[in-house]
Amino acid sequence: MHKMPCCPAFCRLPRKPARSGARRIVKKNPVKYWQKNGDVCNNMRIFAHQTPSKQRNYEKKIPLTARLRPDRQLPAPSDQTFHLDLWQQPYAVSRYHGVERWSDAHIEALRPYLQALGKAGQSVVTAILFYEPWGEQSHDKFSPMIETTRKADGSWAFDYDNFDKYVELCNECGINKQINCYSMVTWDMKFRYHDEATGQDVDWALTAGSDDYNALWDAYLKDFRRHLEAKGWFDKTCIAMDERSEAQMLAAYEVIRTNGFKMALAGNYHASLNDKLYDFCVALAQGRRFTPAERKYRKDNNLVTTVYTCCTESEPNIYSNSLPAEAAFLPIHIAANGLDGYLHWSWINWDEHPLTDSRFRKFGVGDTYNYYPGNRSSVRFERLVEGIHQFEKIQILKAERANDAAWMEQLNLRLKEFESHSVAGKDCAAKVDRIEAFLNEE
C-alpha cells in the first residue's frame, strides 16, 4: 500500500521552503533556516534583526552563531563518493516554461535546475534513446534525444544533435560521471523510428533476442559507439533498463556485450546479473539480498550497487507527505549496508499544477517530483542531501579511524540502527539525530 494522506487537502501542500523576506520569530514559533547545499562558506555570518515591540522601543542586531570547522570540510560535489541518480525530465521544463523542446530557450531554462542538481552531487545524465521508454507514466511525454531514421535502402541513420546538447549542458552543470541511456528494453517493447520511404513514424514492436531486435540494436550500438568515442564519452556510458525481466536483460546483454558497452538496471535483484551489470540498482527492500561475496566482487571490480524507492515503498521514502527525516535516513541506510548510492525515478516530472498539488494519477503523493518550478528546492530534497553529507562523513571518518577499534565499534553500533529498510517514518528522526551527533563530535 502507498502511504496516502488523510485528506485531499494535504496533497496540495507541496512541502517546498517558502520564499520570503524578513520573518518574525516568536518564542513559540521558531523558524528553521535552510542554508542550501554547497552554499556555506567559512566566514559566513548570520544575524537576527530584533524589531520594535509595544514593550521595547528599540532595534538591534543579534548575532547568531554558526559553528564551522575549517579543518573538517566535505568533499566538493564532484568528489563525493555517493552515487546519486535522480532521473531528469527535460520536457517538463519546456512545457512549464512555454519554450520549444531543445531550443536555445529550453537549454537556458534547464540550466538552473541542472546546476542545483549538480550541486547536490548528481552522478548520472538521464538520456532517452527511443520514445517513451517507461510507457507514458509522466505528464510530459519523453521524446528521444537521438532521432532514428530507416533510410529508403533499409540502412539506419542517427541524429545525435539533441543528445549532445543535453550531455554537454549536464557536463557544464557538474553532472559528468555517467550517462545512462534508456532503453533497449522499453516497457511496451515498441521502438519508434522515422521511415524515410513513407515519411511516417513507425512504432516497431519487437521481442528481446529476436533476429530483428538484434539487427536493429547491433546497427544502433555500432554507430552510437562511434559517436561516443569521438566525443570522449564512451567509457562513462551505460545502456540502461528499468524494471525489466531477467530473461529480457540476458537477451539484451548479448548485443550490448558484443558492442562493448556497459549495462545498467534499476529493477529486481537477480544473481545471474551480478557479474554483468556495471550499475545494478535494486528496490529498497532488496538491497540486502546481495551476498557478502557479491558485494565484495562488485566493490573489487569498481561496479556501482545502489537502491531505489518508488511508489511501492510506503516508508521510508521521499513523498511530499513523508516525514522529512525519512529522506535523510535513506543515504545512511545505504552506508550501513555497504552500498554506493540512491536512485529515484523522477526528480522534476511535474504535474499540471506542481506548485499547488503534488498528486499524479495513482502514484504516491509527490512521488513524481521533489524539486519545483522556479528553481525551488523542497524540504525532502534538502534532507536527502543532508543524508548524503552524513554518508560522506562516514566514509571519511572510517578511513581516518580505521585503526581505532573502540571508535569503530561505536560507529558500527549506531549504523546497526540503519541496516533494516523496514523502519517507520516516525522513528527516522531520532536515529538520524543520534548518528549526526556522534559524527559531529569528530
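No lab work stands behind these numbers, since they all come straight from the coordinates. Just so we're clear, the structure is a prediction, and the values are computed from it rather than from any experiment. Cβ: placed from backbone, ideal geometry, glycine included. Neighbour counts: every protein chain shown.
Table for the structure above
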| quantity | calculated |
| --- | --- |
| Filter on Lys165/Lys276; Lys119/Lys362; Lys262/Lys393; Lys177/Lys231; Lys299/Lys398; Lys236/Lys299 - keep pairs with C-alpha separation over 20 Å | Lys165/Lys276; Lys119/Lys362; Lys262/Lys393 |
| Label-point gap, in nm, between Asn171 and Glu196 - each point 7 angstrom along Cα→Cβ | 2.8 nm |
| Overall dimensions of the stretch 77-440 as given by Cα atoms, namely Rg and Dmax in Å | 20.8, 73 |
| Ranked packing of 103-110, 383-390, most packed first, by mean Cβ within 10 Å | 383-390, 103-110 |
| Förster radius 25 Å - calculated FRET efficiency between Ala437 and Ala406, Cβ distance, rounded to 0.05 | 0.90 |
| Inter-label distance for Asp164 and Ala293, nm, one decimal - labels placed 7 Å from Cα along Cα-to-Cβ | 4.8 nm |
